[in-house]
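The values are calculated or read from the model by the stated rules, or taken from the named source; none is laboratory data. None of these values were measured; they are calculated from a predicted model. So basically every Cβ, Gly included, is an ideal-geometry build from the backbone, and we count neighbours across all protein chains shown.
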Amino acid sequence: MENLSLEAFRNFFVSLANQLGQALPGIIAAIFILVVGWIIAKVVSVIIDKALRRLQLRRFLFKDLAKDVDIEGLLARGIYYLIMLFVLVAFFHKLDLPVVTEPLTAVLDEIMAYLPNLISAFLLFVVALVVASLVRFFIIKLGNMFKLDEKISQGKAEVSVTQSLAVALYWFVILLFIPGILSALKIEGLVAPVQTLVGEILSFLPNIFASILIFVIGWFVSRIIRQVITSLLVAIGIDKLTDKLGIKISLSSLIGTVVYVLVLIPVLISSLDTLQIEAISAPAIKMLNLVLNAIPVIMGAIIILAISYIIGKLISGLVKEILQGLGIDSWPEKIGVKLNISLSDIVSYIVMGGIMLFASMEAADILQFEYLTLLISKFIIFASHVLLALILLALGLFFANLTYRFVLTTMGENQRTLANLIRIAIIILVVSMALTQIGVGKEIVITAFTIIMAAIGVAVAIAFGIGGKDAAAKLINKWLSEGKY
């Protein structure tokens, strides 16, 4: 029994050794294929990676698409895995494992059959990037050559118009190549929509170019017109008028800007209308038409205010000179009032303010600002009442002081108390009249005035009756003895 077991064990090992001896060369060859293939794949991928990095594809072609993506590394790894797929097929084929070899061979056949499409799409993509980069390069060069940014923004824009235009054309060129790239990749489901989109964009391009052309030409023409008008007005010397009036505004620049806007608005309307996009152009054109129709009205209001200001400066200056000639600046001192500003200046300011208020009311009426017109008219009425109240108060102070001095002159210095009482009474009367004039309740003012005057009368009567009864008795006895009563 033991001899039989040993014999069977020996036969097993002999059979295993024979089979291993037959398969060992194939295994060694398969391992050799795997190792050598891996080395070749690694070396090829490293060479391709370094070659692509030397070409700096990401800097020149892919900088706008994949700034943070290692394009060179991705391409090198793709070639590495493709070579390794061939190596694995050879490895498993050498090991005579059809269960593994057949699926890998099928995958490899599919890849090899699709590889020309990938290469064609990739080449088209590279061509698109090259063309788009060249277009962007030339646009930037032309913009810098003609100093487009400086002419458009006059050095004040934060965004470069040339750069924006170059980037827009860059992506537009890539968009034109996308249908060809998708067709090369045999992605039919996306080809039709993208082709339709590109076709619509291309059919719309003439409108865009026409709109841009109209706007650019109109913009240049309006700038030229503004420069011509501004220079002409400067040569005429219109800015000297504003200097004489004390206005720190360049009238020539203001008129030139207004003309510039008046020319540019119709250009914008025509440019938007050329686009033929009702959803955008219709509201914009309506708004621009409203602005264009409102400009004459606004200009009329501005002209009224400007002319009124000029007339006001002339009239207020004339009034000031006349009042200074009459010596009105000394009047406040005569009534005992000290002012930090001359009375002639105050009157000239009032005249100027009144003229500008009436001009503002007329300008608001032209602009059809009904609420503002009503508000200004009410303010003018209130200001007139306040002015009349101030005049009454000034006259009252004048007559109060005049009466005070008259009493002292005629009745002597010992009647200063009586003079002060009369002056206070006149001032109270004038203040009540002034308060009534500015709209304070008439009944309240009359009642307060009556109470104050009654209180003063009672106070005088009590003071005279109690404190001066002896003097009063002597005076009455004197009148009786003289037979007057």
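Below are the figures for this structure:
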| read-out | value |
| --- | --- |
| Condition broken by K156, with the remaining ones in (1) assigned to a helix (DSSP H, G or I); (2) of a type in the set (K, R); (3) at pLDDT below 80 satisfied | (1) |
| Condition check for T409: assigned to a helix (DSSP H, G or I), polar (S, T, N, Q) and at pLDDT below 70 | no |
| Single condition N144 does not satisfy, out of (1) more than 29 Å from K186 (Cα to Cα); (2) assigned to a helix (DSSP H, G or I); (3) at pLDDT below 80 | (3) |
| Where a residue in the range 210-239 is in a helix (DSSP H, G or I) and its partner, wherever it lies, is of a type in the set (F, W, Y), with Cβ under 6 Å and at least six apart | S222/Y260; R226/Y260 |
| The range 24-41, residues that are over 60 Å from the mean Cα position of the chain (by Cα) and either of a type in the set (F, W, Y) or surrounded by 18 or more Cβ atoms within 10 Å (Cβ to Cβ) (or both) | A30, F32, I33, L34, G37, W38 |
| Residue pairs meeting the criteria (Cβ under 6 Å; at least 6 apart or on separate chains; first in contact (Cβ under 8 Å) with a residue 40 or more places away in the chain and more than 21 Å from K186 (Cβ to Cβ), in the range 122-136; second of a type in the set (S, T, Y) and buried (at least 18 other Cβ atoms within 10 Å of the Cβ)) | A132/Y170 |
| Pair list, Cβ < 6 Å and 6+ apart or interchain, from the range 268-279 residues that are over 9 Å from I214 (Cβ atoms) to residues that are modelled with pLDDT of 75 or more and of a type outside the set (G, A, S) | L275/N207; Q276/N207 |
| Qualifying residue in the range 43-58 (condition: assigned to a helix (DSSP H, G or I), at pLDDT below 70 and under 30 Å from W171 (Cα atoms)) | yes |
| Matching residues in the range 83-120 - criterion: being touching a Phe, Trp or Tyr at 6+ places or on another chain (Cβ under 8 Å), among the β-branched types (V, I, T) and without any contact (Cβ under 8 Å) to a residue 40 or more places away in the chain | V100, T101 |
| Selection count, the range 317-339, where residues are modelled with pLDDT of 80 or more and either hydrophobic (A, V, I, L, M, F, W, C) or within 22 Å of A364 (Cβ to Cβ) (or both) | 3 |
| In the range 187-217, the residues that are under 22 Å from L118 (Cα atoms) and exposed (fewer than 12 other Cβ atoms within 10 Å of the Cβ) | E188, G189, A192, P193 |
